[in-house]
Amino acid sequence: MPGRSEKEPLEPELRALIGILLVGLVAVLLDTTIVNVATARLAKDLHTGVSVVQWVSTGFLLALGVSIPLTAWAVGRFGGRSVWLAGVALFTVGSVLAGVSWDIGSLIAFRVVQGLGGGLMLPVQQTLLVRAAGPARLGRLMAAISLPAVVVPILGPVVGGLILQAASWRWIFVINVPIGLVAFVLAWRGLDRDRDRQRRPLDVAGLVLFVPGVIAVLYALTRVAQLGTQQGTWVPLALGVLLLAGFAVYAARVGDAAMIDVRLFRVPSFAGSSVLLFLSGLSLYGVAFLLPLFYQQVCGYSALTAGLLLTPQGIGSLAARRSVGKLSDRYGSRPVVLAGLACALVGSLPFGWAGVHGGQVPQIAGLLVRGAGLSAVNIAVMVAAYQGLSKDRIPHASSTTRILLQVGGSFGVAVAAVVLQHELAGHPGGPAAHASGFGAAFLWMTALTVVAVPPALMLPGRRRPEPVAATAAPPVTPAGSEAQS
């Protein structure tokens, strides 16, 4: 009878597969959110500034994003099981190396190794589960595997605070090792080898243009924070812009053979969704970078207290999740996103005015509202991203949205660090002066919410039923709408 497959329990084999893959997913999600509460400790113990230590998060997020386009090629060439095992192994080895880092440079390098492993794992996890479940049960499947993406980011900052209170910062990386080992053993024993493989050539030219271009722009932002707008800071920026422009021209010429099919941006709803995802990642991760530093350096709280104070944002995201999908179906993505942006804006203001009208109650309420707003934005945007696309373009859209969110996040952390260092330099003194500097940095990040309004107007209004959109599973991001630190 119709709808019966949606009510029947998932068979034991599929539940076992979900369990195996979720163990590895938890390690990546935990690592994405646990590190930010350690930023102040890392800067102190490794004798460096905020603009440098931010690369511990930026490098991880950037590696996570740029390794995503490698996954489709690797799965076709080696099979999903092999790529998953390689991703788990790479992430676990990177965690060990990060735990024994001897300086900030080595820590950043090993965080990149972690990010490359995590970037391989996330798309493969979704691919393996969607293949096993089939289209009839995608809704229930995505609900099952997206729950950790909500819960783990809430617990991550608290776990990080507990570790930093009792032990060295090295343990925030070492904690991933036993989880990674268990995930590897379970996958080795429980995952079947792929028999059907669809080989696709690797877009080497696209990688050579895109990845160095993004890194050059991010490096230029860091140099601006350290040296100001001197002549040397413009060289990497110009190089990065040229490489990214070259990638855009190249991708337009080769079409779907490129790691990012830029022709997708001709669809207004996808173009608007993509810009919003980039800005959402930028704002989400940028503010997540600032919040623990604010609580520790301005308010004087411990890392554990800072982690506890960050949980309201995750609770707000969790509370909004169930109603956002229904509202998007009923009213369309555009009004839901606009309402979410308004909530994110209102929820961020208590931190922007922290130097004048500070107060714990308004900030906690602000985090609840901000979390609900970001959840509404990201979920509704993911729904809108697939509308108007043909079935054969769905995989490219999934990969592109993942890349934009993670690369936007890496830019967000870099921009937040640059703005913060500049504002603190202009507000020397004690905690009160620092509060003014942090307040200005929060206002800069809040302004990005206003910038997101024009692309939000490009999203569709009341949604029309589309078979393609109904079968397209939105990607589960490591930090998506629920990630925080």
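Which of the residues belonging to the range 230-274 are among the charged types (D, E, K, R) and surrounded by fewer than 17 Cβ atoms within 10 Å (Cβ to Cβ)?
Filtering the range 230-274 down to residues among the charged types (D, E, K, R) leaves 253, 256, 261, 263, 266.
Residues satisfying the conditions are 253, 256, 263, 266.
Would a scan of the range 189-199 turn up a residue that is at pLDDT 90 or above, within 17 Å of residue 85 (Cα to Cα) and assigned to a helix (DSSP H, G or I)? Before the answer, list the steps.
Applying the first criterion (at pLDDT 90 or above) to the range 189-199 yields none.
No, there is no match, as no residue in the range 189-199 is at pLDDT 90 or above, within 17 Å of residue 85 (Cα to Cα) and assigned to a helix (DSSP H, G or I).
Kindly indicate whether residue 320 is at pLDDT below 85 and more than 30 Å from residue 206 (Cβ to Cβ).
Values: at pLDDT below 85: yes; more than 30 Å from residue 206 (Cβ to Cβ): yes.
Yes.
Residues to consider are 309, 327; find the one that is buried (at least 18 other Cβ atoms within 10 Å of the Cβ) and at pLDDT 80 or above. Break it down stepwise before answering.
Numbers: 327 fails: at pLDDT 80 or above.
When all the criteria are applied, what remains is 309.
Failed condition for residue 225, given (1) of a type in the set (A, V, I, L, M, F, W, C); (2) farther than 30 Å from residue 73 by Cβ; (3) modelled with pLDDT of 70 or more, with all others met?
Only one criterion is unmet by residue 225, namely (3).
Name the one entry in 246, 206, 232, 156 that is modelled with pLDDT of 85 or more, assigned to a helix (DSSP H, G or I) and either touching a Leu at 6+ places or on another chain (Cβ under 9 Å) or closer than 30 Å to residue 45 by Cβ (or both).
On the way: 206 fails: either touching a Leu at 6+ places or on another chain (Cβ under 9 Å) or closer than 30 Å to residue 45 by Cβ (or both); 232 fails: modelled with pLDDT of 85 or more; 156 fails: modelled with pLDDT of 85 or more.
The conditions single out 246.
Would you check if residue 335 is more than 20 Å from the chain's Cα centre (by Cα) and over 24 Å from residue 421 (Cβ atoms)? Before you say what the answer is, go through the steps one by one.
Values: more than 20 Å from the chain's Cα centre (by Cα): yes; over 24 Å from residue 421 (Cβ atoms): yes.
Criteria met by residue 335.
Of these, 29, 64, 70, 25, which one is touching a residue at least 24 places away in the same chain (Cβ under 8 Å), in a helix (DSSP H, G or I) and closer than 23 Å to residue 168 by Cβ?
On the way: 64 fails: closer than 23 Å to residue 168 by Cβ; 70 fails: closer than 23 Å to residue 168 by Cβ; 25 fails: closer than 23 Å to residue 168 by Cβ.
Just one listed residue meets the conditions, 29.
The values are calculated or read from the model by the stated rules, or taken from the named source; none is laboratory data. These figures come from a predicted structure and were not determined experimentally. Every residue, glycine among them, receives a Cβ derived from its backbone with ideal geometry; neighbour counts consider all protein chains shown.
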